[in-house]
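First the structure, in the form of structure tokens, and then the observations on it.
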Amino acid sequence: MITFNRPDGQSVNAYLAEPANVKDAPGVVVIQEWWGLDDEVKAVANRLAEAGYRALVPDLYRGKVALEANEAEHLMNGLNFGDAASQDIRGAVQYLKATGSAKVAVTGFCMGGAL
């Protein structure tokens, strides 16, 4: 896990998976499903790293992970989508660019696709 700063200066924890050859590797910000920063989304980041990308997954729920659908729905409904998009995701892109990725993409799954 790493920590990066949002544009507003607040810090966000994130999972970072990197390829064996990090030099000039493009970056991908991976946005979680409604479950949170769980093992499944970490596995997606790890597969992207194996394919040569630096994959960064910001922890949008600040350490909370849902185990049941009703809990996931509660966490998702409590998420400020505008703040997540304009601050967390933007900060993640800026972090990857500042640390060596000239090109950065953003992808998301389930709830993350909406962001």
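What the table shows:
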| read-out | value |
| --- | --- |
| Between the stretch 79-105 and the stretch 19-52, the alpha-carbon center distance in angstrom | 14 Å |
| Sequence-distant aspartates and glutamates (8 or more away, or on other chains) whose Cα lies within less than 15 Å of residue 97 | 18, 24, 88 |
| Total formal charge among the other residues, if their Cβ is under 15 angstrom from that of residue 95, Lys/Arg +1 and Asp/Glu -1 | +1 |
| Under 22 Å from residue 103, Cα to Cα: lysines that are on another chain or at least 8 residues apart | 23, 42 |
| The stretch 2-114: relative contact order in percent, alpha carbon pairs under 8 Å with at least 6 residues between | 37 percent |
| Alpha-carbon Debye profile of the stretch 2-114, log10 I(q)/I(0) at 0.13, 0.21, 0.24 Å⁻¹ | -0.44, -1.11, -1.38 |
| Proxy reagent accessibility, fewest Cβ within 10 Å first, across 1, 111 | 1, 111 |
| Most mobile of 96, 79, 60 in a GNM of the chain (Cα contacts under 10 Å) | 79 |
| Selected from 78, 100, 52 as most flexible by GNM, with the chain as the system and alpha-carbon contacts under 10 Å | 78 |
| Angstrom value of the Kirkwood radius, inverse mean 1/r, which spans all Cα pairs in the stretch 37-85 | 12.1 Å |
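Values in this text are rule-based calculations from the coordinates and carry no lab data. Only a predicted model underlies this, so the values are computations on that prediction, with no experimental measurement involved. Because the Cβ atoms are built from the backbone with ideal geometry, glycine has one as well, and the counts that use them run over all protein chains shown.
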